[in-house]
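The values are calculated or read from the model by the stated rules, or taken from the named source; none is laboratory data. Note that this is a predicted model, so its numbers are computed, not measured. Positions of Cβ are generated from backbone atoms using ideal geometry, with glycine treated the same way; all protein chains shown enter the neighbour counts. When the accessible area is computed, the model is the full protein with side chains, heavy atoms only, and any ligands, DNA or RNA have been set aside. Shrake-Rupley method; radii C 1.70, N 1.55, O 1.52, S 1.80 Å.
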Amino acid sequence: RDGVEPDGVVFIGLLSACSHSGFVEKGKEYFDLMRKEFAILPKIEHYGCMVDMLCRVGHVREAVEFVQKMPIEPNSIIWRTLVNACRTHSELKLGENLAKQLIQNEPTLEANYVLLSNIYAKMSHWEEKTKTREVMDKKGMRKIPGSTMIELNNKIYRFVAGDISHNQFKEIFEMVDAMGREMKRAGYVPSTSEVMLDIDEEDKEDNLNRHSEKLAIAFALMNTPPGTPIRIVKNLRVCNDCHSASKFISKIYNREIIARDRSRFHHFKDGLCSCKDFW
């Protein structure tokens with residue numbers, strides 16, 4: 001309206017917004033518009049946004065076809081986006097093949113081995129998962145442990161999964177168990193598929209309850225006045241189960257939870273998240 005010609009950066013913003021909001025058709029329109037109306041040649045960032053957008057809504061096969069037709073060589077970020085989408089949307093054989101190709105292309109990058117290991121765990125191929133981890137060990141690779149930090153009274157507290165180093169760890173675990181009971185009464189169902197271990201469902205639920213995000217939130221509920229916001233920072237992406245649990249907690253305990261993970265901010269309030277679950 002102001003007569004300013006949009007450039008490639010503007011369209012990255014548009015495509016990214018469509019991706020995070022699940023507006024697939026609108027995103028496709030903008031992608032065509034930038035080429036046909038504004039003669040902007042798409043760069044790898046634009047193609048990456050399109051792949052991300054398709055993957056988020058489960059159109060994994062379409063995303064693969066899109067990548068195969070790209071006029072420029074896809075980078076490793078695009079390939080890893082596809083593998084993650086394959087795991088999330090149970091295109092597991094395809095994800096296995098793509099992850100193996102990633103390892104061939106980047107044999108020294110530990111993230112590729114972690115992707116393949118997670119695919120095998122989702123397939124319940126425990127022997128292959130173990131072999132992949134053994135290869136990582138031989139190469140001196142280590143998976144980055146997930147951790148969550150929270151600041152209270154000018155002091156930083158850091159939690160890892162199953163953390164027993166905190167002097168309140170018994171009370172924190174009791175609070176987490178109480179949170180779990182309240183959430184289940186409200187309709188929460190643990191996402192045990194996120195637990196990449198060959199154990200029974202009850203043990204998987206216990207494992208989920210000890211994730212670092214839940215420990216940090218429980219600690220905050222115990223040590224801050226009712227109704228005050230909770231702010232946490234996660235070094236990795238928040239998992240599906242903790243994302244779902246945080247929505248329930250925000251409603252049950254009437255707390256706003258602002259979580260910064262490796263990808264973006266999540267604002268949980270009244271049982272909803274600002275990311276609209278397209279994350």
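Close contacts from the stretch 81-98, counting a first residue that is at negative phi and outside the structural domain of residue 61 (by the TED database) and a second that is surrounded by fewer than 21 Cβ atoms within 10 Å (Cβ to Cβ) and not in a helix (DSSP H, G or I), with Cβ to Cβ under 7 Å and a gap of 6+ residues or different chains, come to none at all. Among the helices (runs of 4 or more DSSP H) confined to the stretch 18-82, the ones with at least 2 residues that are open to solvent by 70 Å² or more (accessible area, probe 1.4 Å) and farther than 21 Å from residue 7 by Cβ are located at 60-68. For first residues located in the stretch 4-33 and touching a residue at least 40 places away in the same chain (Cβ under 8 Å), partners that are of a type outside the set (Asp, Glu) and part of a helix (DSSP H, G or I) and lie 6+ apart or on another chain with Cβ distances below 7 Å form the pairs 19/27; 19/49; 19/53; 19/56; 22/56. As for the stretch 110-122, it holds no residue that is open to solvent by less than 40 Å² (accessible area, probe 1.4 Å), closer than 21 Å to residue 21 by Cβ and either assigned to a loop (DSSP other than H, G, I, E, B) or in contact (Cβ under 8 Å) with a residue 40 or more places away in the chain (or both). Could you say whether any residue in the stretch 159-168 is part of a helix (DSSP H, G or I), touching a residue at least 60 places away in the same chain (Cβ under 8 Å) and in the same structural domain as residue 253 (by the TED database)? No: zero hits. Taking the stretch 254-266 as the range and being under 14 Å from residue 216 (Cβ atoms) and either among the basic types (Lys, Arg) or free of Cβ contacts under 8 Å to residues at least 40 places away in the same chain (or both) as the test, the residues that pass are 255, 258, 260, 261, 266.
Against the list (1) among the β-branched types (Val, Ile, Thr); (2) in contact with a Lys or Arg (Cβ under 9 Å, 6 or more places away or on another chain); (3) open to solvent by 20 Å² or more (accessible area, probe 1.4 Å), the condition residue 160 fails is (2). In summary, residue 130 fulfils each of the numbered conditions (1) touching a residue at least 12 places away in the same chain (Cβ under 8 Å); (2) over 19 Å from the mean Cα position of the chain (by Cα) with the single exception of condition (1).
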